[in-house]
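No value in this document is a laboratory result; all are computed from the given coordinates. These figures come from a predicted structure and were not determined experimentally. With ideal geometry, Cβ positions are generated from the backbone for all residues, glycine too; neighbour counts draw on all protein chains shown.
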Amino acid sequence: MADLSIDFCGIKSPNPFWLASAPPANSGPQVMRAFDAGWGGAVWKTLGDPVTNVTSRFWANDYGNTRMMGLNNIELITDRPLEVNLKEMYEVKKRYPKHALIASLMVETRENWKEIIKKAEDTGADGLELNFGCPHGMCERGMGSAVGQEPKVLEEITRWAMEYAKTPVIIKLTPNTGDINEPGEAAARGGAPAISLINTVKSLLGVDLDRYVPNPRVGNKSTNGGYCGPAVKPIALFMMSQLTKNPLTKHMAYSGIGGISNWRDAAEFIALGATSVQVCTAVMHYGYRIVEDMIEGLSDYLDSKGMKSVNELRGKAIGAYSEWGDLDLNYNLKARINPESCIGCNLCQVACMDGAHQCILIPGRTHEEHVKAGHTHIPDVIPEVPVKAAGAIGRFLPVIDDVECVGCNLCHLVCPVPGTISMVEVPGTIGKSETWNDRVAQGRDINPGSMESTLKKRGLLAK
Amino acid sequence: MHPLPVLPDGRLEQRFSESKPAYSTAEAVTEANRCLYCVEAPCIKACPTGIDIPNFIHKISTGNTTGAARTILKENILGASCARVCPVEVLCAGACVYNAWGREPIAIGRLQRFATEETLETKSMASLMPAKKLPTGKKIALVGAGPASIAAAGLLALEGHQAVIFERKSIPGGLNSLGIAPYKQSGNQALEEMGWVFGLGDVELKTDVSVVAGQAGKGEVSTDALLKDFDAVFLGLGLGADSKLNLAGEGSAGVYGAVDLIEKIKADPALKLDNVRRALVIGGGNTAIDIAHELKLLGVADVAMVYRRGVDGMSGYVHELASARKHGVRLMEHRVVTEFLAESGKLTGVKLSRAENGKAVPGGEETLSCELVALAIGQATATTMAKGFPGLVLDKHGNITVDPKTQRTGHAKVWSGGDCVNGGKEVVNAVQEAKIAVRDIIRALGAK
């Protein structure tokens with residue numbers, strides 16, 4: 001069994017799975033139950049001057065039969081007295097000395113920061129997470145994402161924290177910014193050893209069409225909130241990867257946050273440079289128990305790859321994340337449909353017809369019918385291979401026209417039966433590897449059909 | 001002892017296709033994602049072995065199939081068999097919350113089959129179980145190589161004990177290898193799983209050995225010898241021979257006990273049914289439904305179940321009867337056989353009488369030609385052999401009496417589980433009883 005223990009810039013944790021600063025880490029009894037279930041660490045619900053919360057607080061984005069694909073909340077930081085939280089943190093750390101306990105903090109003035117850092121560290125907490133991410137309620141008061149969106153302010157507060165803190169400082173960033181590198185670099189300049197991201201995405205989840213009030217509704221009004229859950233995972237992966245590649249920030253420790261629901265999600269964040277991952281929405285949906293599968297799944301995965309420690313996985317995919325201009329223009333894929341598992345729904349065909357390159361044909365049609373359907377290139381031979389699935393009588397396997405297929409993946413993505421449409425590599429049309437940046441370097445970055453003004457600018461306009 | 005026997009080719013069992021074929025990965029993950037991942041889930045409560053079903057299904061959905069197998073095997077060491085043979089319709093799937101919502105319950109059996117088969121194809125069972133403990137030097141005898149003893153032997157082996165199984169037949173496995181309907185599980189599937197379990201530790205299988213009370217002859221071991229040579233004894237005897245009606249002509253060729261006939265279908269290449277045009281099955285339990293269903297699927301033109309009461313009085317599962325009838329099995333209610341007709345010792349037909357309250361009444365007698373009759377009216381119970389263990393008590397049905405908290409019999413060194421205790425239930429019940437017994441055997445041997 002692979003070693004899952006981590007050292008997060010000095011913070012030791014038995015595994016990389018931490019509860020994010022959120023309702024699942026609101027109180028001592030909760031965090032202790034989570035540790036008993038297997039969580040390696042917890043970032044306590046953000047401390048500060050206690051707030052007053054509203055009812056209701058959450059709304060979710062369902063998609064088809066999937067509940068809570070995304071979750072939106074308008075809850076603020078902790079509404080419990082500071083002393084109560086501190087006392088419980090002390091108890092948790094005393095009873096679980098080997099687990100990672102992080103205090104999340106959000107206050108206003110320098111004196112506030114000095115005071116709360118001292119008090120948080122006096123509980124025995126292993127580290128501090130500065131909440132520069134909350135995009136609702138607190139930012140209007142000049143805190144949370146209001147700081148994360150102002151690199152200079154972020155840098156200054158980071159310096160204060162570094163001055164007062166004895167334990168590692170983690171800067172939690174908001175995704176609600178044009179370029180995540182700016183706050184990330186500011187955190188690095190401020191001297192922080194670690195970054196966690198992303199906090200929630202500013203959002204307005206929907207509208208009650210009978211009352212004309214957005215959701216979640218507080219009486220006859222609502223407000224924008226923070227969006228999280230599986231829907232935001234790609235945004236989080238992108239933003240963290242920006243920083244784990246950035247020469248000015250890649251030396252820092254990263255705690256990945258955003259839609260992590262299972263071991264696979266966690267492994268992806270780790271492969272892109274995370275040392276720990278933080279989870280909220282999946283726990284709010286299914287409870288602390290999900291960590292069993294996360295630990296077991298990650299450990300088995302590492303074993304299957306011959307890795308003895310989770311540290312061997314960290315950053316393995318960073319190198320392959322490159323800019324568009326460095327992608328190989330000669331790489332070529334074609335779609336292939338497996339006649340053994342196709343059920344004959346033709347979803348690939350409609351997606352390709354209307355959303356891609358009109359390269360999937362339904363056999364049995366006449367030439368005229370293919371033309372009428374919208375095909376501009378019709379192969380001479382369109383084999384009629386019956387769909388084998390039970391009950392699919394009279395249906396034929398859709399046919400891929402390799403001449404038109406650009407290998408975009410769309411059919412593979414819409415196919416409801418995993419493994420039925422695969423993308424196979426075929427020889428490229430250029431004959432050798434070539435990137436757009438190669439073409440730029442050689443002055444060949446002009447394609448046929450370019451605008452006159454562009455050709456003129458490049459001195460290529462034939463007189 | 002290894003390797004275990006493999007059943008020969010040419011058996012009728014090999015003609016069957018699976019009623020619930022194995023899922024592909026895509027099918028399994030899609031079905032797993034339909035599971036609500038309930039808390040305090042009714043499916044767990046409905047499982048006699050208490051498998052954490054939502055947990056293993058969640059693991060399938062995340063691609064953690066190995067973890068899913070671990071979760072299953074942790075509670076049910078014969079989880080692969082049970083995945084195929086459990087009547088999930090009346091157990092876990094029958095309790096699924098989707099039923100209450102009018103939606104198709106989760107296909108728990110097929111998901112369990114996917115997790116166990118997929119994993120055990122490439123990984124040893126030992127790699128999925130807690131590490132085997134150091135040898136204790138303690139020896140436990142297990143009598144009868146049915147699912148109760150197999151499960152107990154595996155669990156005892158993991159504890160570092162030596163398990164020695166005595167089986168009177170040549171083919172081990174009991175009803176799990178010789179009695180399960182072939183469209184659910186083949187004999188070789190059961191034997192393969194047995195090999196995995198025996199691989200967990202020090203398990204020895206002695207076939208063609210009968211345990212007897214009193215003086216042991218050739219191919220026999222006495223109960224006294226077991227008590228003397230072993231630290232504990234587990235009785236997983238199963239049930240005995242098919243019961244008889246004791247009617248005229250019952251000894252004719254073509255009249256079978258149902259359990260015996262199923263065993264021949266599964267294990268005996270010599271059995272042929274080519275000249276059987278009509279087969280009658282006497283009885284209304286699950287064995288009766290199984291053999292009727294099997295005969296129909298084997299191509300017998302007319303298969304009828306003859307039952308002495310109405311359909312509501314049948315003890316067989318409603319879903320099994322519905323499935324058998326869908327495939328063409330007929331049901332003759334309120335009928336009893338009164339005589340077997342034979343020519344030159346070969347069955348040619350039966351005399352039937354109308355029945356009220358399960359008893360023959362005058363009027364409505366008829367003669368029906370048939371070439372085969374299967375008697376599924378119960379099985380004998382253990383056994384004169386059990387009397388070889390002083391203090392062991394049989395109840396009025398002939399079942400071994402145990403303390404259900406420990407599965408211990410009236411003899412301090414003897415535990416028991418499975419059909420010989422519960423009167424004839426499922427493989428999953430045998431596993432659970434074996435689990436309880438092993439827990440108590442470990443405690444008892446540790447206390448010495």
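Assorted remarks:
- Relative contact order (%) - criterion: Cα under 8 Å, at least six apart; region: chain A: 13 percent
- Ranked list, fewest to most other Cβ atoms within 10 Å of each Cβ, for B:T406, B:T287: B:T406, B:T287
- Local electrostatic count at B:G201 - Lys and Arg +1, Asp and Glu -1, tallied over other residues with Cβ under 14 Å: +1
- Taking all pairs of distinct alpha-carbon atoms in chain B, Kirkwood radius in angstrom: 22.9 Å
- Average other protein chain Cβ within 10 Å of Cβ, residues B:54-61: 3
- Of all DSSP beta bridges in chain A, antiparallel share, percent nearest 5: 50 percent
- In sequence order, calculated HN-Hα J values of region A:59-68 (Karplus, 6.51, -1.76, 1.60; Hz; x Gly/Pro): 8, 10, 9, 8, 9, x, 8, 8, 7, 6
- Here the alpha carbons of region B:1-96 define both size measures, Rg and Dmax, at 15.6, 48 Å.
- For region A:420-425, the Karplus equation 6.51 cos²θ - 1.76 cosθ + 1.60, evaluated at θ = phi - 60°, returns couplings of 7, 9, 10, 10, 10, 7 Hz by residue, with Gly and Pro reported as x.
- Dimensions of the protein assembly as shown based on its C-alpha atoms, expressed as ranges along the principal axes with the largest first, amount to 107, 81, 58 Å.
- Overall form of region A:158-274 per C-alpha gyration tensor (a/c, 1.5; a/b vs b/c): prolate
- Once you reduce region A:81-97 and region A:259-323 to the center of their Cα atoms, the two points are 28 Å from each other.
- Across peptide A:411-418, the mean count of Cβ atoms from other chains lying within 10 Å of each residue's own Cβ comes to 2.
- Placed amide H near B:V373: partners under 5 Å, 5+ positions off or other chain: B:V255, B:Y256, B:L280
- Once you reduce region B:204-243 and region B:106-126 to the center of their Cα atoms, the two points are 33 Å from each other.
- Cross-link reach list, aspartates and glutamates versus B:K396, counting only Cα pairs under 19 Å and skipping chain neighbours closer than eight places: B:D242, B:D419
- Cα gyration tensor category, rounded, prolate or oblate, for region A:27-108 with a/c compared to 1.5: oblate
- Taking 20 Å as the straight-line reach from the Cα of B:K132, the lysines in range (excluding those fewer than 8 positions away in the same chain) are B:K74, B:K123, B:K435.
- Average other protein chain Cβ within 10 Å of Cβ, residues B:23-32: 2
- Taking a sphere under 12 Å around the Cβ of A:E312 and counting the other residues whose Cβ falls inside, with K and R at +1 and D and E at -1, yields a net charge of +2.
- Fewest neighbouring Cβ atoms within 10 Å first, the residues A:D438, B:D290, B:D312 line up as B:D312, A:D438, B:D290.
- Straight Cα distances below 15 angstrom link B:K413 to the aspartates and glutamates B:D224, B:D229, B:D231, B:D403, B:D440, with same-chain residues fewer than 8 positions distant left out.
- Averaging Cα coordinates gives a centre for region B:377-436 and one for region A:160-180; these two points are 67 Å apart.
- The Rg/Rh ratio for region A:1-145, using Cα coordinates for both the radius of gyration and the Kirkwood hydrodynamic radius, is 0.99.
- J(HN,Hα) series, region A:101-118, from Karplus relation 6.51 cos²θ - 1.76 cosθ + 1.60, nearest Hz, glycine and proline x: 10, 10, 8, 8, 10, 8, 9, 9, 8, 4, 5, 4, 4, 4, 5, 6, 5, 4
- Residue pairs, from the table B:K264/B:K387; A:K12/B:K59; B:K45/B:K133; A:K308/A:K388, whose Cα atoms sit over 32 Å apart: A:K308/A:K388
- Relative contact order (%) - criterion: Cα under 8 Å, at least six apart; region: chain B: 16 percent
- Semi-axes of the equivalent ellipsoid of region A:324-426 are 23, 17, 11 Å, computed as sqrt(5λ) over the eigenvalues of the C-alpha gyration tensor in descending order.
- DSSP-assigned coil residues among trypsin sites (Lys or Arg not before Pro) in region A:43-143, each with at most 15 further Cβ atoms within 10 Å: A:R57, A:K98
- Point-charge dipole on Cβ atoms (K/R +1, D/E -1) for the protein assembly as shown, about Cα centre, debye to 20: 1100 debye
- For A:A2, net neighbour charge (Lys/Arg +1, Asp/Glu -1) across residues whose Cβ lies under 13 Å away: -2
- Shown here is the pair-distance distribution of chain A: with all Cα-Cα distances grouped in 20 Å bins from zero up to the longest one, the shares run 21, 44, 29, 6, 0 percent.
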